[in-house]
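The next block holds one structure in the form of structure tokens; read it before the comments.
The values are calculated or read from the model by the stated rules, or taken from the named source; none is laboratory data. Since this is a predicted model, take the numbers as computed values, not measurements. In this analysis, Cβ positions are derived from the backbone assuming ideal geometry, glycine residues included, and neighbour counts consider all displayed protein chains. When the accessible area is computed, the model is the full protein with side chains, heavy atoms only, and any ligands, DNA or RNA have been set aside. Shrake-Rupley method; radii C 1.70, N 1.55, O 1.52, S 1.80 Å.
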Amino acid sequence: MNQDKSYAIGIDLGGTKIIAAIVDQHGNILRQANAATQTEEAAAAVIGRIGDLVQNVLDDSGINISRIRGIGIATAGIIDTQRQMVIFASNLNWSDVPIGGILQERFGVAVQLINDANAAAVAEWAFGSARGTKDLIYVTVSTGVGAGIISGGRLITGVGDSAGEFGHISLDPEGPLCVCGNRGCLENYTSGLALASRAREQLLHGVTSSLLVDNGNDLSRITAREVGEAADRGDILSMTLMKEAGYYLGVGLTNLIHLFNPQVIVIGGGVMKNGHLLLAEAKNVIRERSISRMANQASIQLTTIGAEAGVLGAAGMYYPSEREMVEV
Ligand SMILES: [Zn+2]
């Protein structure tokens, strides 16, 4: 690879906001620009705005496009990384959008799509505390639950770019029916949505908690964030719910450890912002249930990257050689 090509551009394409960043080989963000996604507009207009953001960060940084290895785009939904298309993304209202080809034509550099959880895994792998490991799993616990799996130094995408649906492994074959068609999925027990709905359920049953008073007796205002914050303040119901979520996460992580024998599991996502009880309980379960040799080999840590995971992971796809250098 041409050594003059020292930079990559990462795009985090979300339902409300687009972030574009120019990133060097060490994961430093040189310039960053944001815009509202405005999904009510046609996909072509949104892609035009993404292109303008790319041009902005190039102009602001004074870096010529000839020094860019490629543009990476992290997005939710179903993507096709062969054709660089978004097949379906409900948060964008997109179906069959050839975003990669359009941007490639505008800038004349490679464009590569990656899904959100995989981008976060690549960010940890390329630039995070797990840099240099060949066996890393990133788990996100937010509205839903997902994972990006790197095994033997390779991102596991599956034949249809859909691998890593950690939220939809079944923990109870007779459990509640999940949106995916399976029963008793992890996501039904450990996720932002599950935490909020279990809190409301308990409050409806008359369980005492500061949650109700703190939210003006309005159940609809209770989200996972309220539960997490109340748990941090010592609310017994919220603490119990966080531990319960941690129990199921621990059972799920035990399955992952047994399947992949990872060296590092990095956990992120909105729920983990107040997730210390949840994480502690998950670690207890892993200690109790995992094959001890494999549990001992797996370091479980919270992400240190945070909101920049999308752009860093999208750009990080273009820095494989640095990873190999670290691995040697
Ligand atoms: Zn499911």
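Key figures
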item: Surface accessible to a 1.4 Å probe, residue 114 within the full protein complex, Å²; result: 10 Å²
item: Under Karplus coefficients 6.51, -1.76 and 1.60, residue-wise ³J(HN,Hα) of the stretch 109-120 in Hz, glycine/proline x; result: 10, 4, 10, 10, 8, 8, 7, 3, 5, 5, 4, 5
item: FRET E, pair residue 88, residue 24, Förster distance 51 Å, beta-carbon r, rounded to 0.05; result: 0.95
item: Phi to ³J(HN,Hα) by Karplus 6.51 cos²θ - 1.76 cosθ + 1.60 over the stretch 27-36, Hz, x for Gly, Pro; result: x, 6, 8, 7, 8, 9, 9, 10, 8, 5
item: The chain - Kirkwood radius from inverse mean 1/r over Cα pairs (Å); result: 20.6 Å
item: Residue order for 221, 200, 233 - accessible surface, 1.4 angstrom probe, largest first; result: 233, 221, 200
item: Rounded accessible area of residue 308 (nearest 10 Å², 1.4 Å probe); result: 80 Å²
item: Rounded to the nearest 20 debye, dipole of the stretch 129-303 from Cβ charges on Lys, Arg, Asp, Glu; result: 560 debye
item: Selection from 193, 30, 263, by position along the positive dipole direction of the chain (Cβ); result: 263
item: Accessible area (Å², 1.4 Å probe, nearest 10) - residue 205; result: 150 Å²
item: Summed side-chain charge close to residue 78 - residues other than residue 78 whose Cβ falls under 14 Å, Lys, Arg +1, Asp, Glu -1; result: -4
item: For the chain, size of Cβ-based charge dipole, Lys and Arg +1, Asp and Glu -1, in debye; result: 540 debye
item: Hz values of 3J(HN,Hα) by residue in the stretch 205-222 - Karplus curve (6.51, -1.76, 1.60), Gly and Pro given as x; result: 7, x, 5, 6, 6, 5, 4, 5, 5, 5, 10, x, 6, 10, 4, 5, 7, 8
item: Highest-fluctuation residue, 191, 209, 142 considered, GNM on the chain with Cα pairs under 10 Å; result: 209
item: Debye, to nearest 20: dipole size of the stretch 162-266, +1 on Lys, Arg Cβ, -1 on Asp, Glu Cβ; result: 40 debye
item: Between the stretch 209-274 and the stretch 111-135, the Cα center-to-center distance that results, in Å; result: 24 Å
item: Positive-end residue of 317, 43, 104, charge dipole of the chain with Cβ unit charges; result: 317
item: For the stretch 1-71 versus the stretch 179-207, the gap between their alpha-carbon centres in whole angstrom; result: 37 Å
item: The stretch 245-327, accessible surface, carbon-and-sulfur percent (1.4 angstrom probe); result: 52 percent
item: Among 220, 180, 153 - extreme Cα towards positive end, dipole of the stretch 129-303, charges at beta-carbon; result: 153
